[in-house]
């Protein structure tokens with residue numbers, strides 16, 4: 001075989017190799033596109049307004065915590081509808097007036113009388129935190145589950161310590177574009193009668 005013939009065969013084989021590589025790459029692209037099309041988009045899974053609704057609900061949950069820890073009863077009440085229900089484990093407390101009596105009468109987290117002065121301690125403080133938030137939005141109604149924990153420094157050293165934890169089960173409604181609690185059930189694992197029963201917590 002002449003040199004020109006060998007050269008033509010080499011060029012032909014190289015072209016065939018390039019075509020095979022191109023075919024394999026195209027196949028991967030097609031598979032990737034099919035896979036992506038099978039995954040539902042966020043808007044299809046949650047609805048177009050889910051992100052905005054979730055942001056507002058998380059803001060509601062945070063304002064509830066800040067009001068509770070600072071003793072701001074009016075802001076605390078504003079997170080509920082007028083006929084909203086709070087249940088801390090002893091039964092439902094319905095409406096702002098009834099909730100006000102419970103929240104306004106909660107004892108402060110203070111050391112025993114005289115101890116602070118004797119030890120020259122600054123006032124003890126506590127902070128609630130929320131995490132693992134799951135939210136389901138259904139039109140103008142929403143349902144939530146979340147863990148909560150509390151840490152404080154009510155001790156002679158004023159060192160921080162986690163001293164309680166549990167979870168929330170919430171029902172909410174959007175009123176005039178604003179999300180509010182219609183019911184908040186609080187489970188507290190520190191107290192037997194307030195602890196959650198074993199079982200599924202979310203959906």
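Estimated at 0.36 nm per residue, the fully extended path between residue 193 and residue 46 surpasses their Cα-Cα distance by 49.4 nm. Full extension of the chain between residue 102 and residue 173 yields a length gain of 23.3 nm, computed as 0.36 nm times the residue separation minus the alpha carbon distance. Under 1.5 on a/c is rounded, so check that first for the stretch 144-196, then, if it is not, pick prolate when a/b is larger than b/c and oblate when it is not; a ≥ b ≥ c are the square roots of the alpha carbon gyration tensor eigenvalues. Cα axes put the stretch 144-196 in the oblate bin.
Be a star and scan the stretch 175-189 for residues whose amide nitrogen sits under 18 Å from the point 7 Å along the Cα-to-Cβ vector of residue 162. Residues 187-189 qualify, since their backbone N sits under 18 Å from the label point. Bridge orientation summary for the stretch 49-194: considering DSSP beta bridges with both residues in this region, about 90 percent are antiparallel.
Full extension of the chain segment joining residue 140 with residue 62 gains 26.1 nm, where the gain is 0.36 nm per residue of separation less the Cα-Cα distance.
Rule-based calculations on the coordinates, nothing more; no lab input. What you are looking at is a predicted structure, and each value in this text was computed from that prediction instead of being measured. Every residue, glycine as well, gets a Cβ built from its backbone with ideal geometry; the counts of neighbours run over all protein chains shown.
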